[in-house]
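Heads up: the structure comes next, in structure tokens.
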Amino acid sequence: MINKFEISTLILRVVLGVIFFAHGLNKFQGGIENIAGWFESIGIPGFLAYAVALVELVGGIALIVGLFSRVVSILLALIMVGAIITVQLAVGFFGGYVLDLALMAMAVVIAINGSKAFALDSVIFNKKEKNETTTLN
């Protein structure tokens, strides 16, 4: 049976995944070259736009299905730290970094606690553990 804690982390994981998937998809559909140019205009290497968009897109899918949730969440939290420091801090709390801060906090919760409910990680690694246990006996 799934407890309240697992349900709450599942909700965080899926919502965070959908948000980041949408942001990554938007970057590619809206013209990733434009975002790379904007990155360069604020002093960030343009190739990082591709890396950020890819982590958001693929990482969002990974979170939704529960694959490598902790690792993906750490990467997304780092992206949010970068966004806050390089862009949003100057804009201020409201209209600036408030959303990025909330997304970063969600990612950190998943990075710390993980999320096993309805996660591919649970299926993959539980099977692996059962096989190793069976082999040892």
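All of the numbers you see were taken from the coordinates with simple rules; none came from a lab. Computed from a predicted model, the values in this text were never measured in an experiment. Cβ sites come from the backbone with ideal geometry, for glycine too, and all protein chains shown count toward neighbours.
Just a few scattered comments:
- In plain terms, the residue of Lys4, Lys116 with the fewest other Cβ atoms within 10 Å comes first and the most crowded comes last, giving Lys4, Lys116.
- Panel order for Tyr50, Tyr97, by other beta carbons found within 10 Å of each beta carbon, from fewest to most: Tyr50, Tyr97.
- Put simply, the C-alpha atoms of the chain give a gyration tensor, and the ellipsoid matching it has half-axes of 33, 17, 12 Å, longest first.
- Hull shadow area, averaged, segment 1-76 [alpha-carbon convex hull, nm²]: 5.3 nm²
- The three principal axes of the C-alpha atoms in segment 82-122 carry coordinate ranges of 41, 16, 14 Å, sorted with the longest axis first.
- Computed over segment 4-136: relative contact order in percent, which uses C-alpha pairs under 8 Å that are six or more apart: 30 percent
- Per residue, the chain reaches -25500 deg cm²/dmol at 222 nm when only DSSP H runs of four or more residues are counted, each adding -39500 (n - 2.57).
- Span-like helix criteria (full DSSP H runs; alpha carbon extent of at least 15 Å along the helix axis; mean Kyte-Doolittle hydropathy of at least 0.0) are satisfied in the chain by 4-29, 47-65, 69-83, 98-113.
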